[in-house]
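Read through the structure below, which is laid out as structure tokens, and then see the notes.
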């Protein structure tokens, strides 16, 4: 630190009032206070997950796994369940994820994983370990890129990824 900067800091510190000088008393309330209801439109907080897709996603699911789907997508990852939908539908920050409930054996068109962007891949890995779900850690195409690959309760592949902001 230069001599000038040190002198300036001492000058500023000396000019600041002490704690006793800044204390003041509040006036007594003269009337009754009633808070007014805020009539502005409430904007919900953004959800902690995004789907890596260009449009809403539809996946097959066998019957009787609805409760496990709720636990997996809503409780573990933070999707929001869409009430009143004909299919089991979940909302992410950007798109919808719907499950078509199928009786019997589920035929899959592809084994391509569903891409889900999470806020923290390390936190996601801790959740997977705590839930005792089998997963695979994969390296990405670029240096430092990692993904976690696992199966959801319906038997669909899910790939968790964390995108870090470019600086």
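Coordinate-derived values only; no laboratory data. All values derive from a computational prediction rather than experimental measurement. Please note: Cβ atoms are built from the backbone with ideal geometry, for glycine as well, and neighbour counts cover all protein chains shown.
Here are a few things to note about the model shown:
- DSSP beta bridges fully contained in the stretch 60-167 are about 70 percent antiparallel.
- Along each principal axis, Cα extent of the stretch 99-167, largest first, Å: 48, 27, 17
- Protection proxy ranking, peptides 70-78, 159-167, average beta carbon neighbours within 10 Å, highest first: 70-78, 159-167
- Acute angle (nearest 10 degrees) that the helix 121-130 long axis makes with the longest principal axis of the chain, alpha-carbon atoms: 60
- For the chain, the longest principal axis of the C-alpha atoms and the axis of helix 3-15 are separated by about 80°.
- Per residue convex hull volume, Cα atoms of the chain, in Å³: 292
- Order by protection proxy (mean Cβ within 10 Å, highest first), peptides 35-44, 49-58, 121-130: 49-58, 121-130, 35-44
- Taking other C-beta atoms within 10 angstrom as a stand-in for reagent exposure, 29, 158 fall in the order 29, 158, fewest first.
- Counting all C-alpha pairs of the stretch 34-112, share separated by more than 15 Å (%): 64
- Every Cα-Cα pair in the stretch 75-124 was counted, and those over 11 Å apart are 77% of them.
- GNM result for the chain, Cα springs below 10 Å: residue of 34, 147, 136 fluctuating most strongly: 34
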